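Novice: The following block contains the structure, expressed as structure tokens.
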Amino acid sequence: MTSWNETEQIEAHIFGSADTGNALVFEARMLLDPALHDKVLWQRKAYEMIGHYGRKQLKLEIDAVHQQLFTQPEHISFAQKIRLLFINR
Amino acid sequence: MRYILHIVIKRQFMPGINNPNNLIANREAFFIDLYKNAFPAVAKYISRMGGSFDEARDVFHDALVIYYEKTVSALPMPDNSIAYLVGTAKNLWIKRYRKTEKNIPLDNIDFTLGEDENMPSSSRIMRFLETAGKKCMELLAGFYYEQLPLTEIADRFGYSGVRSATVQKYKCLEKVRETIKEKALTYDDFME
């Protein structure tokens with residue numbers, strides 16, 4: 001088995017998408033193989049980090065949109081309308 | 001099913017989504033539209049409550065993230081996106097910034113975005129992944145965060161087809177998993 005097949009199986013286990021037979025085989029292997037169990041834990045962490053990364057990139061895109069709306073001349077009336085709300089603050 | 005729903009939703013909000021080169025440009029147009037329609041109400045409310053421009057911007061950005069994540073997930077969509085955004089931003093502001101009579105510290109927020117990002121070792125690992133593993137992280141975020149179908153991933157990242165994109169996805173996932181493990185073992189505070 002190549003390592004990416006194993007990664008795929010770990011994913012199926014984490015997301016609960018394996019069919020019953022494969023899921024049982026995988027769980028049995030996990031009990032017998034601490035290294036596999038360990039990989040499952042780190043792969044969960046990897047999904048978490050990927051989620052944070054994706055969110056961070058999205059926030060950068062939103063920041064760029066904000067910059068555009070508050071600096072570019074074609075959006076000046078929108079920007080002024082908002083800024084007026086916070087004048088004297 | 002999830003992907004089909006995702007594409008339907010995305011098409012509804014972002015026409016032209018099929019062309020991967022247009023994806024970011026379309027998302028930009030999508031956010032500009034939401035900004036123009038929802039931000040004035042959010043800003044007006046926060047200003048009236050004594051909040052600042054920066055506070056309004058921060059909660060609105062988080063509300064946009066929450067809304068976007070809802071659009072790409074299989075969760076039911078709110079009927080009125082503008083009302084949903086304005087309501088989310090107002091709630092976030094109340095939870096974070098509104099001064100209570102007792103001056104309770106505002107760390108009891110039940111909806112926090114990315115609390116793990118604040119962990120020092122977690123952000124060190126993130127910085128490492130962002131630089132050394134950028135291409136993999138982009139591919140993986142495209143698949144797991146943006147929930148793009150593999151055909152779009154293949155187009156965007158230049159793979160010959162779904163199969164090679166799939167193999168690459170798992171190889172990247174394995175690489176990221178091993179990197180996190182290796183780095184985490186050198187940073188004591190990573191695991192609880």
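Novice: Restricting attention to segment A:57-89, and to residues there that are of a type in the set (Lys, Arg) and modelled with pLDDT of 95 or more, which single residue is nearest to residue B:123 (Cα to Cα)?
Specialist: Of everything passing the filter in segment A:57-89, A:59 is nearest to residue B:123 (Cα to Cα).
Novice: Looking at A:69, A:36 in this structure, which one is buried (at least 18 other Cβ atoms within 10 Å of the Cβ) and either part of a helix (DSSP H, G or I) or on the phi > 0 side of the Ramachandran plot (or both)?
Specialist: Result of the check over A:69, A:36: A:69.
Novice: Take the residues in segment A:42-62 that are more than 7 Å from every other protein chain (Cβ to nearest Cβ) and surrounded by 12 or more Cβ atoms within 10 Å (Cβ to Cβ), then tell me which one is nearest to the chain's Cα centre (by Cα).
Specialist: A:56
Novice: Continuing with this model, one more query. Could you run through segment A:7-40 and say how many residues are of a type outside the set (S, T, N, Q) and within 9 Å of chain B (Cβ to nearest Cβ)?
Specialist: The total comes to 5.
Novice: Identify all residues within segment B:176-189 that are in contact (Cβ under 8 Å) with a residue 12 or more places away in the chain, of a type outside the set (A, V, I, L, M) and either within 9 Å of chain A (Cβ to nearest Cβ) or closer than 16 Å to residue A:38 by Cβ (or both); write none if there are none.
Specialist: B:179, B:183
Novice: Still on this structure, please answer the following. I'd like the full set of residues that are of a type in the set (D, E, K, R), surrounded by 10 or more Cβ atoms within 10 Å (Cβ to Cβ) and either modelled with pLDDT of 65 or more or out of contact with any helix residue (DSSP H, G or I) (no Cβ under 6 Å at 6 or more places or on another chain) (or both), limited to segment B:90-126.
Specialist: B:90, B:95, B:96, B:98, B:99, B:115, B:124
The values are calculated or read from the model by the stated rules, or taken from the named source; none is laboratory data. Since the model is a prediction, treat every value here as computed from it, not as a measurement. Glycine also receives a Cβ, built like all others from the backbone with ideal geometry; neighbour counts cover every protein chain displayed.
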